[in-house]
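First comes the structure, then the notes that go with it.
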Amino acid sequence: MGIIPQLILNSIIAGAIYSLVAIGFSLIYGATKFFNLAHGVMAAIGGYSVFYFAKTLGWDLWLAVSIGMLLAGLIGYGLDKIIYKPLRKRKASNMVLLVASLGAFTALQAIIAILFTSQFQTISGNIGAQNIYEIFGGVITQTQLIILISAITIMAGLALLLKYTMFGKAIKAISDDEEVSKIVGINTDKIIGYVFFIGSVIAGLAGILVGFDTGIKPTMGLSLLLKGVIASIVGGIGNIYGGVLGAFLLGFVENFGIWKISGEWKDAIAFGLLIVFLIFRPRGIINN
Amino acid sequence: MEYLIHLAILFSIYAILGISLNLVVGYTGLLSITHAAFYGIGAYATAILLTQSGVGFLLSVILGIILAVLASFLIGAVLSKFDGDYYALGSFGFSVIVFSVFLNWQSLTRGPLGILGISKPELFGIDFSSNFAFLILSLLFLIAIYFVSKFIVNSSFGRVLKAIREDEKAIQVFGYNTLYFKLAVFVMSAAMAAVAGSLFASYITFIDTSTFTLMESIFILTIIILGGLANLHGSILGALFLILLPEILRFVGFPTDIAVQMRQVVYGLILILLMLYRPQGLIGEYKL
C-alpha cells in the first residue's frame, strides 16, 4: 500500500465525519444566524448513549444507535425551546445567543464527564478484529466504510429533503428572511425547532461513528465542533453544500499537513486554514 | 487563615485577568475567547526564565509582557478586521493554536509534564516567598492594573473604544481608523494578562498546559459577564464571586474529580441564566 492513496482515503473519511457535523451546524446557522457552539456536544451525547445502552446495558446495537441519535436530537430540540427561542423572542443579539450556547456546551460536557468519567473509552469491543478492505492501494476498515456510506446517504437524503419538500422550502425562506416568512404564514418557531432536531440527530450520528472508529471522551464534542465550524466557514456559512465542500477540503489539508509536519499539529493546521480563509475569503468558497 | 490568603491571591490574579479582558469585551464590544493564551504566555515566560536562568522575577514579568505584546500584535492584526461573532470565532481559533504551541513545543514548555520548581519572587531585595507577602505583591499589581485600566477607559482613547462598540461605521466616518484602536486595546489587554500569568506561575511554582485551555478563557469570560461588562468594578466583583463559589460547593462534599466538573456545570448554567435573565450582569453598563 502506498502512502498517497492511504492519505487520500484518510482525508475522505475525515471529510465525511466533518461534513456530518458541518451540515447540521450550517443548517442551524442558516435558520437562526448564530454560531451554536453547543452543537458539538450532541456528538458526544450520541457516542455516550451507544456506549451506555449497547456496552453497559448490553442492548441490541441498532436499538442503541437509534436511541443515541434520538436523544441527541431531543436535547438539541430542548436547548432551542428552553434557551434559544426565548432569546430570539427578545431579539437578543447573535453574541448573546453565542454566549448562551457556550454556557450550554460547558454545562453539558461536564455533565457527561460526571456521568461517565473523563476517561477515553471504546464502544466496539474488538477494534483490531474488524474486517479490512483494500481500495486503490489503501486500506479502509469496516467502520470507516460505514462512515462513508452513512455520510453519503445522509447528505443525499438531506439534499432531497431541502430541495423537494415544503419543509425544505420553509427552511430556505427562514434563512433568507425570518420576518417575512412569519408574515407569509410559516410557523418559524416550529420549523427552527425541527432544524435543531435534525441537525442534532446528524451530529449525534457523527459522534457514534467516531466512537466506533476510534473511541469516545467527553471533550470529543469540542474537537468535532471546531472542525465542523471550520468546514462551514471555509465552505461558505449557512450553505450545506459549502459545508460539505469545506469539510473535505479540511480533511485533505489536515491529513496532508500532518504527513509533512506531524500529528500533534493537526488542530493548529485546521485553524491555520480557517484563519487563511478569514483573512482572504471570509465568506468561504461558495460565496453567497 | 492560610487558606483565605490563598483564595485572596487567586482572586487578585483573576481580577487582573477580568479587568484586562473587560477592556476588549466590555468597552470595545469584541468578544474575545483567547485570553488564556496570553495568560499562558506570561506564565511560561516566568516559569522558563526562573527555572533555567538567573534572571529575577521582575525581568521575567517584563519579558512575559513583551512576548504577549508580540503575540497579541500578530493575532490582533488578523482579528481586528472582524467584529461580532466572526471576531469571537477567530479568537476561538487562535486560542486553540496557542494551546497547541504550549502542548507541542516540548523542548521549551515540557508540554503536559509541566514545569516544576518555579521559585517565588524576590524584588528589590524583599523576599515574597511567604503567602502573605505574596498577597501584598499581587494586590499591588492588581491596584496598578486597575488604575492603568481606569485611565485607559476614561481617556479620549477609551471614548473611541466605546464608540467603536456602539457603532463602528459611524466612528470611521469621523476619520478614526478603528482597526488601530481595536488592535491597540487588544495588545494592552494581552500585556496585562501576561502579568497575571507571571504571578500565577511564581505563586503555584508549577505550571502545565492544562491551566491555559479554552475552558480557562471561558471562565474569565464568565467572570466579566457575571460581574458586568464595561465596568471595572464588575470584573473585580465577578472574580470574587466565582473564586468563592467553588468553596461553597466544597461544603456539599463531592469527590474531587466530580467537584471539578460540577464547577464547570455551574459556570455553564451561570452563563445561560445571565443571557436569559440579566445579560448586563450584576453591575454592567453594556449588554452584549
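The values are calculated or read from the model by the stated rules, or taken from the named source; none is laboratory data. Remember, it's a predicted structure, so these values are computed and weren't measured experimentally. Please note: Cβ atoms are built from the backbone with ideal geometry, for glycine as well, and neighbour counts cover all protein chains shown.
Applying a threshold of 6 Å to beta carbon distances and a minimum spacing of six or more residues, or different chains, the list of pairs starting in the stretch A:46-65 at a residue that is over 17 Å from A:Phe120 (Cβ atoms) and ending at one that is modelled with pLDDT under 90 and assigned to a loop (DSSP other than H, G, I, E, B) reads A:Phe53/A:Trp59. Within the stretch A:6-64, the only residue that satisfies the criterion of being among the basic types (Lys, Arg) and touching a strand residue (DSSP E or B) at 6+ places or on another chain (Cβ under 9 Å) is A:Lys55. Against the definition (modelled with pLDDT of 90 or more, of a type outside the set (Lys, Arg) and buried (at least 19 other Cβ atoms within 10 Å of the Cβ)), how does B:Ser202 come out, yes or no? It is false that B:Ser202 is modelled with pLDDT of 90 or more, of a type outside the set (Lys, Arg) and buried (at least 19 other Cβ atoms within 10 Å of the Cβ).
Residues in the stretch A:1-57 that are assigned to a loop (DSSP other than H, G, I, E, B) and of a type in the set (Gly, Ala, Ser) were compared, and the one that is farthest from B:Leu271 (Cα to Cα) is A:Gly2.
Only one of the listed residues (B:Leu179, B:Leu139) is in contact (Cβ under 8 Å) with a residue 24 or more places away in the chain and farther than 28 Å from A:Leu278 by Cβ. That residue is B:Leu139. Note on the stretch B:212-241: among residues that are of a type in the set (Val, Ile, Thr) and either outside any helix (DSSP H, G or I) or in contact with a Phe, Trp or Tyr (Cβ under 8 Å, 6 or more places away or on another chain) (or both), the one that is farthest from B:Val101 (Cα to Cα) is B:Ile236.
Would you pick out the residues in the stretch A:85-97 that are under 21 Å from the mean Cα position of the chain (by Cα) and surrounded by fewer than 22 Cβ atoms within 10 Å (Cβ to Cβ)? Selection gives A:Asn94 alone. Taken together, the criteria place B:Ile225 among residues that are farther than 20 Å from B:Phe151 by Cα, in contact with a Gly (Cβ under 6 Å, 6 or more places away or on another chain), in contact (Cβ under 8 Å) with a residue 60 or more places away in the chain and within 14 Å of chain A (Cβ to nearest Cβ).
Taking the conditions exactly as written (farther than 20 Å from A:Gln121 by Cβ and crowded, with 21+ Cβ neighbours inside 10 Å), does A:Ile13 satisfy them or not? Considered against the rule, which asks whether it is farther than 20 Å from A:Gln121 by Cβ and crowded, with 21+ Cβ neighbours inside 10 Å, A:Ile13 comes out as yes. Taking the criterion of being touching a residue at least 60 places away in the same chain (Cβ under 8 Å) and within 14 Å of B:Ile19 (Cβ to Cβ), the residues of the stretch B:149-176 that qualify are B:Ser149, B:Lys150, B:Ile152, B:Val153, B:Gly158. Kindly evaluate A:Ile132 against the criterion of being of a type outside the set (S, T, N, Q) and either at pLDDT below 90 or over 28 Å from A:Met220 (Cα atoms) (or both). Yes, satisfied. The criterion of being β-branched (Val, Ile, Thr), within 14 Å of chain A (Cβ to nearest Cβ) and within 21 Å of B:Val98 (Cβ to Cβ) holds for B:Thr209.
For the criterion of being modelled with pLDDT of 85 or more and within 14 Å of another protein chain (Cβ to nearest Cβ), B:Val25 passes. If the condition is being without any contact (Cβ under 8 Å) to a residue 24 or more places away in the chain, surrounded by 15 or more Cβ atoms within 10 Å (Cβ to Cβ) and either more than 7 Å from every other protein chain (Cβ to nearest Cβ) or over 16 Å from B:Ile224 (Cα atoms) (or both), then the stretch B:260-275 contributes B:Val260, B:Gln261, B:Met262, B:Arg263, B:Val265, B:Val266. Restricting A:Leu97, A:Leu87, A:Leu115 to residues that are under 16 Å from B:Lys287 (Cβ atoms), more than 7 Å from chain B (Cβ to nearest Cβ) and in a helix (DSSP H, G or I) narrows the list to A:Leu97. From (1) more than 13 Å from the chain's Cα centre (by Cα); (2) outside any helix (DSSP H, G or I); (3) within 15 Å of B:Lys182 (Cα to Cα), pick out the condition that doesn't hold for B:Ser32. The failed condition is (1).
Screening B:Ile283 on (1) within 23 Å of B:Ala37 (Cα to Cα); (2) touching a Leu at 6+ places or on another chain (Cβ under 7 Å) shows it passes everything except condition (1). Answer yes or no as to whether A:Leu145 is under 21 Å from the mean Cα position of the chain (by Cα), more than 16 Å from A:Lys33 (Cβ to Cβ) and surrounded by fewer than 20 Cβ atoms within 10 Å (Cβ to Cβ). Taking the combined requirement at face value, the residue satisfies it.
You will find that of B:Leu30, B:Leu63, B:Leu58, B:Leu49, the residue that is buried (at least 24 other Cβ atoms within 10 Å of the Cβ) and of a type outside the set (Gly, Ala, Ser) is B:Leu30 and no other. Counting only helices (runs of 4 or more DSSP H) that sit completely within the stretch A:195-288, those holding 1 or more residues that are surrounded by fewer than 24 Cβ atoms within 10 Å (Cβ to Cβ) and under 15 Å from the mean Cα position of the chain (by Cα) correspond to A:220-235, A:240-260.
Of the residues in the stretch B:70-82, at least one is more than 14 Å from chain A (Cβ to nearest Cβ), under 18 Å from B:Val25 (Cα atoms) and either of a type in the set (D, E, K, R) or assigned to a helix (DSSP H, G or I) (or both). Applying the criterion of being over 16 Å from the mean Cα position of the chain (by Cα), buried (at least 20 other Cβ atoms within 10 Å of the Cβ) and more than 10 Å from every other protein chain (Cβ to nearest Cβ) to the residues of the stretch B:84-109, the residue that is nearest to A:Asn36 (Cα to Cα) is B:Phe102. The residues on offer are A:Ile67, A:Ile111, A:Ile82, and the sole one that is crowded, with 18+ Cβ neighbours inside 10 Å, modelled with pLDDT of 90 or more and closer than 21 Å to A:Leu37 by Cβ is A:Ile111. Taken over the stretch B:144-158, residues that are loosely packed, with under 13 Cβ neighbours inside 10 Å and either not in a loop (DSSP other than H, G, I, E, B) or not hydroxyl-bearing (Ser, Thr, Tyr) (or both) amount to 4.
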